[in-house]
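These notes are about the structure you will find just below.
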Amino acid sequence: MQLDSKSPTGPIEKRWEDHRFHLKLVNPANKRKYTILVVGTGLAGGSAAATLAELGYKVKCFCFQDSPRRAHSIAAQGGINAAKNYHNDGDSVYRLFYDTVKGGDFRSRESNVYRLAALSLNIIDQCVAQGVPFAREYSGYLDNRSFGGAQVSRTFYARGQTGQQLLLGAYQALERQIGAGAVEMFPRTEMLDLIVVDGKARGIVTRNLLTGKMESHMGDAVVLGTGGYGNVFYLSTNAKGCNATAIWRAHKRGALFANPCFTQIHPTCIPVSGDYQSKLTLMSESLRNDGRVWVPLKKGDKRTASQIPEAERDYFLERKYPSFGNLVPRDVASRNAKQVCDEGRGVGETGLAVYLDFRDAIQRLGKHVIKERYGNLFDMYQRITGEDPYQEPMRIYPAIHYTMGGLWVDYNLMSNIPGLYVIGEANFSDHGANRLGASALMQGLADGYFVLPNTIGDYLASNKFEKVAASHAAVREAESHVTAITRKLLEAKGTRSVDSYHRELGKIMWERCGMARNAAGLKQALAEIPPLREQFWRDVKVLGSGEELNQSLEKAGRVADFFELAELMCLDALERNESCGGHFREEYQTPEGEAARDDAHYSYAAAWEFRGAGQTPVLHKEPLTFEYVHPAQRSYK
Ligand SMILES: Cc1cc2nc3c(=O)[nH]c(=O)nc-3n(C[C@H](O)[C@H](O)[C@H](O)COP(=O)(O)OP(=O)(O)OC[C@H]3O[C@@H](n4cnc5c(N)ncnc54)[C@H](O)[C@@H]3O)c2cc1C
């Protein structure tokens, strides 16, 4: 299979404009003749559905929550990047582009990243016009703060609720179109399969989560904005409902899955407290603007933070990376936290935590300023841990947070299945091997508000679409496939809960394919996962029936997909014999313990083709070339 990224050539700042000019247009009067199915109502799906409807297309939109505005994007705390340079601190589109390519450890497409950086400007204007209440300075300008991997302040924020405010903006736009009859909304509806007719994506099979009713929806194109797959690890900062089912089932219908092993560990999360925990909580990266990360200099120092004098503290990020200090990118901060804990210098009962300390910032700025900046995050920390972070430093540890991998898409955001578009965290596109903080919201909104609405018209205008009847063999086949999976899960009537299997899978993944990986561990995971998956299918216990609200059944289907995806992640991690970004193979590190890339052999996006259950998938490679930001060992010193 030949992968065509459709990445334009020519001067990088002109590529998107030129490309757009050459895309075919759909006449405004013809747009209403096309139906587009949008799965997902987060920042990516919500913005896409609203914009496509505004353009005149007929849109059917789906989400599994009870309301589009409950999509996981609502949880995003810290902010959204844009190269507005309001602080006049040297920012520019080019610098955001540069930081993102470097931050992703040279494993992303330059054309995509430049477009993303350029569109960041439009996003802020769009959201301000919608009334998103970004924080402002006294002057009235929008305020900015800094996030990891950048030496400028370019992160726009709305306290610690940026995702919520941005999603309310997209949701309002979507609701307007629902009210106008241009979008038909299907909440509490889960996509369980993709319908491919004559090689093109033409529909989806869904289950109504309240009644269990299976239905097929047909359209001229399908857009997946279904989020990331971090919950394969069981414990993550993602909402419990986040899952990979939509993209995984599309993968099984032929869509290539790119860089599945590129997962992001976030350095600042509330540490795991026990075996029965089902979720981890993020403490936003924005806190590293004012919080200082440290551990005791001595191993096994059990004194409280306030008893440890300044001279006996190791501010290890500031010491090792004087230029970026506490604002090194996430992969670097996480690895260093793990390293000091592995040395026996971790704090708290388990020793698996480091301090994030606001003492100096409170002394310098006053408690009221810190409260204004991060009040809701401090409250959240206090409610969960029972400790007051204004008095004692927070204890934090890295946790699974984001997935850079996802379905492979070309520059138009179309997968290798014609008519199947993938946007937001669900695709693999812009972040390479490590996403910079505050860039996911930027990418989701760039995809949904600005890229997809331009590119999808070209596909629609270039193809003819026969109506697909409900009786079509491909529709029938997809429906019976979904029904068979549901029946199999219900009929297993085994002994163990879905969660117990998911927890066991997550543990394997965290230990063998988590923050650090090596060939022996990955091989072990590849030996452990298949028998556990088989046991799951034989022995899982799903109570209730398929004709009612049945959350155990929903979870079972998602965990079944996680099992298959987990195996692909380990295979991908094993195949990539280098370290890059969040993919840290212990065998490949520099003498200072940083990720050592192997550009000669691995400068490509790995796009995997599904070849059937139990069969080895086939690897296709999209070579990556760098004309502007030349690959070098990343340095934040
Ligand atoms: C705690 C936390 C804080 C974060 N903070 C930031 C931040 O400050 N800045 C930043 O840039 N990024 C942040 N991120 C990352 C960012 O929030 C996500 O990457 C982004 O919101 C994903 O948006 P999305 O639209 O792609 O997917 P989501 O918001 O996850 O939406 C997915 C949608 O798809 C639907 N869906 C999924 N599967 C199906 C299915 N099978 N059938 C039907 N519907 C389906 C869901 O119902 C939902 O509507 C944070 C992430 C976390 C976990």
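The values are calculated or read from the model by the stated rules, or taken from the named source; none is laboratory data. This is a predicted model, so every value here is computed, not measured. Cβ: placed from backbone, ideal geometry, glycine included. Neighbour counts: every protein chain shown. SASA here: full protein model, heavy atoms, side chains in, ligands and nucleic acids out. Shrake-Rupley method; radii C 1.70, N 1.55, O 1.52, S 1.80 Å.
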Residue list for region 464-500, filter: acidic (Asp, Glu) and over 10 Å from VAL542 (Cα atoms): GLU466, GLU477, GLU479, ASP499
Subset of region 256-279 [more than 12 Å from the ligand (Cβ to nearest atom), open to solvent by less than 30 Å² (accessible area, probe 1.4 Å), part of a loop (DSSP other than H, G, I, E, B) and in contact with a Lys or Arg (Cβ under 8 Å, 6 or more places away or on another chain)]: ASN259, CYS261, PHE262, PRO271
Which listed residue, of ALA440, ALA433, is of a type in the set (Gly, Ala, Ser), within 15 Å of the ligand (Cβ to nearest atom) and in contact with a strand residue (DSSP E or B) (Cβ under 9 Å, 6 or more places away or on another chain): ALA440
Residues of region 408-463 that turn out to be surrounded by fewer than 24 Cβ atoms within 10 Å (Cβ to Cβ), assigned to a helix (DSSP H, G or I) and not aromatic (Phe, Trp, Tyr), as a count: 8
Test: residue in region 622-629 that is within 16 Å of CYS261 (Cα to Cα) and open to solvent by 30 Å² or more (accessible area, probe 1.4 Å): no
Residue in region 435-456 that is among the hydroxyl-bearing types (Ser, Thr, Tyr) and over 30 Å from ASP99 (Cβ atoms) present: no
Residue within region 245-252 that is in a helix (DSSP H, G or I), within 11 Å of the ligand (Cβ to nearest atom) and among the basic types (Lys, Arg) present: yes
Cross-chain or 6+ apart pairs with Cβ under 6 Å, region 241-256 first and more than 16 Å from HIS620 (Cα to Cα) and modelled with pLDDT of 95 or more, then open to solvent by 10 Å² or more (accessible area, probe 1.4 Å) and in a helix (DSSP H, G or I): CYS242/HIS72; ASN243/ARG558; THR245/ARG558
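Go through region 602-621 and give me each residue that's outside any loop (DSSP other than H, G, I, E, B), open to solvent by less than 60 Å² (accessible area, probe 1.4 Å) and not acidic (Asp, Glu).
TYR602, TYR604, ALA605, ALA606, ALA607, TRP608, VAL618, LEU619, HIS620, listed by residue number.
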Hits in region 280-295 (condition: within 15 Å of the ligand (Cβ to nearest atom), over 19 Å from CYS513 (Cα atoms) and of a type in the set (A, V, I, L, M, F, W, C)): LEU282, MET283, LEU287
Residue in region 56-70 that is within 14 Å of the ligand (Cβ to nearest atom), open to solvent by 10 Å² or more (accessible area, probe 1.4 Å) and among the acidic types (Asp, Glu) present: yes
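Restricted to region 196-244, and to residues that are assigned to a strand (DSSP E or B) and more than 14 Å from the ligand (Cβ to nearest atom), which residue is farthest from VAL409 (Cα to Cα)?
Here the answer is MET218.
Conditions (1) in contact (Cβ under 8 Å) with a residue 60 or more places away in the chain; (2) assigned to a loop (DSSP other than H, G, I, E, B); (3) polar (S, T, N, Q), marked per residue:
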{"site": "ASP91", "(1), (2), (3)": "yes, yes, no"}
{"site": "PHE97", "(1), (2), (3)": "yes, no, no"}
{"site": "ASP105", "(1), (2), (3)": "yes, yes, no"}
{"site": "ARG115", "(1), (2), (3)": "yes, no, no"}
{"site": "ASN122", "(1), (2), (3)": "yes, no, yes"}
{"site": "VAL152", "(1), (2), (3)": "yes, yes, no"}
{"site": "GLN164", "(1), (2), (3)": "yes, no, yes"}
{"site": "LEU194", "(1), (2), (3)": "yes, no, no"}
Criterion (more than 30 Å from ARG207 (Cα to Cα) and either more than 11 Å from the ligand (Cβ to nearest atom) or touching a His at 6+ places or on another chain (Cβ under 8 Å) (or both)) met by exactly one of PHE147, PHE156, PHE97: PHE97
Boolean, THR41 is within 18 Å of the chain's Cα centre (by Cα), among the polar types (S, T, N, Q) and either under 23 Å from ILE195 (Cα atoms) or surrounded by 22 or more Cβ atoms within 10 Å (Cβ to Cβ) (or both): yes
Residue pairs meeting the criteria (Cβ under 6 Å; at least 6 apart or on separate chains; first open to solvent by 30 Å² or more (accessible area, probe 1.4 Å), in region 280-301; second hydroxyl-bearing (Ser, Thr, Tyr) and more than 16 Å from the ligand (Cβ to nearest atom)): ARG292/TYR315
Qualifying residue in region 156-170 (condition: farther than 21 Å from GLY40 by Cβ, hydroxyl-bearing (Ser, Thr, Tyr) and open to solvent by 50 Å² or more (accessible area, probe 1.4 Å)): no
Identity of the residue in region 124-148, open to solvent by less than 50 Å² (accessible area, probe 1.4 Å) and assigned to a strand (DSSP E or B), that ends up modelled with the highest pLDDT: LEU142
Candidate set: region 302-315, residues that are without any contact (Cβ under 8 Å) to a residue 12 or more places away in the chain and part of a loop (DSSP other than H, G, I, E, B); chosen: the one surrounded by the most Cβ atoms within 10 Å (Cβ to Cβ): ARG303
Selection within region 155-184 - touching a Lys or Arg at 6+ places or on another chain (Cβ under 7 Å), of a type outside the set (Phe, Trp, Tyr) and under 19 Å from LYS84 (Cβ atoms): THR155
GLN151 being surrounded by fewer than 20 Cβ atoms within 10 Å (Cβ to Cβ), of a type outside the set (Gly, Ala, Ser) and closer than 16 Å to LEU445 by Cβ: no
